[in-house]
Amino acid sequence: MPYDLVVIGSGPGGYVCAIRAAQLGMKVAVVEKDKTFGGTCLNVGCIPSKALLHASELYEEAGHMFDKMGIKLGQPKLDLPGMMKFKDAGVDGNVKGVAFLFKKNKIDTFRGAGRIAAAAKVEVTNGDGRIETIEAKAIVIATGSDVTRLPGVEIDERRVVSSTGALSLDGVPQRLLVIGAGVIGLELGSVWRRLGSEVIVVELLDRILPGMDSDVCRQVARMFERQGMTFKLSSKVTGIERAGNRVKVMLEPAAGGTAESFEVHVVLVSIGRVPFTEGLGLETAGVKTDNKRRVIVDARFATNVPGIYAIGDVIAGPMLAHKAMDEGVAVAETLAGEAGHVNYDVIPNVVYTYPEIASVGKSEEELKQAGIAYKVGKFPFTANGRAKANLQTEGFVKILADAKTDRVLGVHIVGADAGNMIAEAAVAMEFGAAAEDIARTCHPHPTFTEAVKEAALAVDNRAIHM
Ligand SMILES: Cc1cc2nc3c(=O)[nH]c(=O)nc-3n(C[C@H](O)[C@H](O)[C@H](O)COP(=O)(O)OP(=O)(O)OC[C@H]3O[C@@H](n4cnc5c(N)ncnc54)[C@H](O)[C@@H]3O)c2cc1C
């Protein structure tokens, strides 16, 4: 009997889609080519990077902050293999969790590379070359993304690494050069700086974190510099040469000019990710892609071929796990005849550095470009009681609200735990809240979240503690 749905790929998009479809009564199969379930996010993305960020943050805190809090431990010692074990245990627990959920929801799993042979047929080639054919009424492509390569630069995952190699280095590089000042470059750059590397970040554009609110970018760039990171903005890497256990990197101003070179021990190439569709048979199935190799879908995640859908990093939109998950739920609900929907105006984005950087909704630049009149309410953590008590006063909350209606259009937070705090803003925006609604909501004291309330009050120039 054919399946109602076969999902190709078990990352956050695919596994969540499969579970939701099974909850809705569908007979579901998942195809995964890798050894473990969970995709990029669980194996070589969100989870291992956050484990290393957590451990390295505590390591740095133990070295620099404990003393100030009356805790005498002496200089902490790094046990890198131990830290990697901690990271691997986090990954293991999560990927096993997905396997458990598949079983619990009676989802059949097929190990091997899936290829769409026809609209209702997926061929799975497993490790020993055996081919199995699965028939299904609907196919969801959730094959995710892969590292973008720099032309002419070979990634060996030892000296020249992608994010995957940077999550598993066997020693702390004395000097690390990061190409790309996006989320992944700054997060992994932070990990290795905390563990002892000198970190130089090269960025083609004139700012870090392109796409984020520029006020936020300016301020966090200064914070990262104070922590010891060096930025080479408006610069491009023109060549990389390996010399023994060193790598020589040639740099040039983006606009042209005098070249310079650096000798470093490891280079991290983190210039973005590209949709992964290799071997999927999209051409033979007739599934259309755009000029960035993303599968083209309509508002219901349907491709141009009836019965074939796509979600997650392989389609347009922010390459984020929670975006992929919400699309997985939406497509499963649509297939079950329900009204699946994703609100792309309210997708939070978090950079898990210290301080964390989190945003949801529009930036000031986007509002200006759209000609929308807005008010700004900003509140610094230097005026927040809990932040002062914890000596964690870096950062601020900034709320952008419609000048006429007071509706919240964007929230940007820089600070300890910003990633957790942004969820409140997302809920408020999903409910169409005005800044006044947040301002009148009782927030627990003493917490960092009071800064969100104060920023909402500041929209109307009536913050209390400032
Ligand atoms: C270092 C790093 C840190 C990140 N941190 C975060 C974060 O903190 N928060 C966040 O939201 N996002 C983060 N991301 C991004 C996040 O990992 C992706 O957005 C997310 O994994 C996309 O989910 P997906 O289901 O679309 O694809 P993926 O997770 O990429 O999963 C795709 C799966 O499909 C499988 N597959 C591909 N082709 C086939 C085939 N033909 N047959 C069978 N299986 C196939 C792959 O093996 C893979 O398991 C991070 C990414 C990286 C690299």
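The values are calculated or read from the model by the stated rules, or taken from the named source; none is laboratory data. Everything quoted here is computed from the prediction, not taken from an experiment. In this analysis, Cβ positions are derived from the backbone assuming ideal geometry, glycine residues included, and neighbour counts consider all displayed protein chains. Protein only, heavy atoms only, side chains kept; ligands, DNA and RNA dropped before computing areas. Shrake-Rupley method; radii C 1.70, N 1.55, O 1.52, S 1.80 Å.
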| FRET E, pair Met250, Arg207, Förster distance 25 Å, beta-carbon r, rounded to 0.05 | 0.65
| message | Around Glu60, under 12 Å between beta carbons, what's the net of Lys plus Arg minus Asp minus Glu among the other residues? | response | 0
| query | Residue by residue through segment 210-217, which ³J(HN,Hα) values in whole Hz follow from phi under the Karplus form 6.51 cos²θ - 1.76 cosθ + 1.60 (θ = phi - 60°), with glycine and proline marked x? | reply | x, x, 8, 3, 5, 4, 4, 4
| task | Between the alpha-carbon centers of segment 76-109 and segment 419-434, tell me the distance in whole angstrom. | result | 30
| message | Under 5 Å between amide hydrogens, which residues at least 5 positions from Gly144 or on another chain qualify, with H placed 1.01 Å from N in the peptide plane? | response | Phe276, Asp313, Val314
| task | Using just the helices of the chain, give the 222 nm mean residue ellipticity in deg cm²/dmol: DSSP H runs with n ≥ 4 each add -39,500 (n - 2.57), and the total is spread over all residues, rounded to 500. | result | -10000 deg cm²/dmol
| message | Using a 7 Å offset from the Cα along the Cα-to-Cβ direction at both Met65 and Asp156, what is the distance between the two label points in nm, to one decimal? | response | 3.8
| query | Which whole-number percent of Cα pairs in segment 71-126 have a distance greater than 13 Å? | reply | 76
| message | Distance between the C-alpha centers of segment 30-64 and segment 232-288? Whole Å please. | response | 23
| said: Within 10 Å, at most 14 other Cβ atoms, and a DSSP state outside H, G, I, E, B define an exposed site. Report the longest part of the chain free of exposed GluC sites (Glu not before Pro). | reply: 1-153
| message | Can you give me the solvent accessible area of Lys388 with a 1.4 Å probe, rounded to the nearest 10 Å²? | response | 110
| note | For segment 95-137, the accessible surface attributable to carbon and sulfur atoms (probe 1.4 angstrom, ligands and nucleic acids excluded) amounts in percent to 53
| field | Sites matching trypsin sites (Lys or Arg not before Pro) across segment 70-145 that sit in DSSP coil, with at most 10 neighbouring C-beta atoms within 10 Å | value | Lys72, Lys77, Lys106, Arg130
| request: Pairs of Cα atoms under 8 Å, at least six residues apart: use those to get the relative contact order of segment 322-466, whole percent. | output: 24
| query | About its Cα centre, what dipole magnitude does the chain give when the only charges are +1 on Lys and Arg Cβ and -1 on Asp and Glu Cβ, stated in debye to the nearest 20? | reply | 440
| note | Here the longest stretch of the chain that holds no chymotrypsin sites (Phe, Trp or Tyr not before Pro) in a DSSP loop having at most 12 other beta carbon atoms within 10 Å is 1-343
| message | Tell me the per residue accessible area of the chain using a 1.4 Å probe; a whole number in Å² is fine. | response | 46
| note | The long-range amide H neighbours of Gly272, using H built 1.01 Å from N in the peptide plane and a cut-off of under 5 Å, are Thr148
| message | Between segment 340-398 and segment 113-161, how far is it from one alpha carbon centroid to the other, in angstrom? | response | 37
| message | Can you divide the C-alpha Rg of the chain by 2.2 N^0.38 Å and report the result to two decimal places? | response | 1.03
| message | Can you compute 3J(HN,Hα) from phi for each residue in segment 453-466, using the Karplus curve 6.51 cos²θ - 1.76 cosθ + 1.60 with θ = phi - 60°, rounded to whole Hz and x for Gly and Pro? | response | 4, 5, 5, 5, 5, 5, 4, 9, 6, 9, 4, 7, 8, 9
| message | Using a 7 Å offset from the Cα along the Cα-to-Cβ direction at both Asp146 and Ala259, what is the distance between the two label points in nm, to one decimal? | response | 2.9
| request: Quick one: what are the phi-derived ³J(HN,Hα) couplings along segment 297-312, Karplus 6.51/-1.76/1.60 with θ = phi - 60°, whole Hz, x for glycine and proline? | output: 10, 8, 5, 9, 6, 7, 7, 6, 9, x, x, 10, 10, 8, 9, x
| query | Quick one: net charge of Ala99's neighbours, Cβ under 12 Å, K/R +1, D/E -1? | reply | +3
| request: Give, as a single signed number, the net charge of other residues whose beta carbon lies under 10 Å from the beta carbon of Ala416, with Lys and Arg counted +1 and Asp and Glu -1. | output: -3
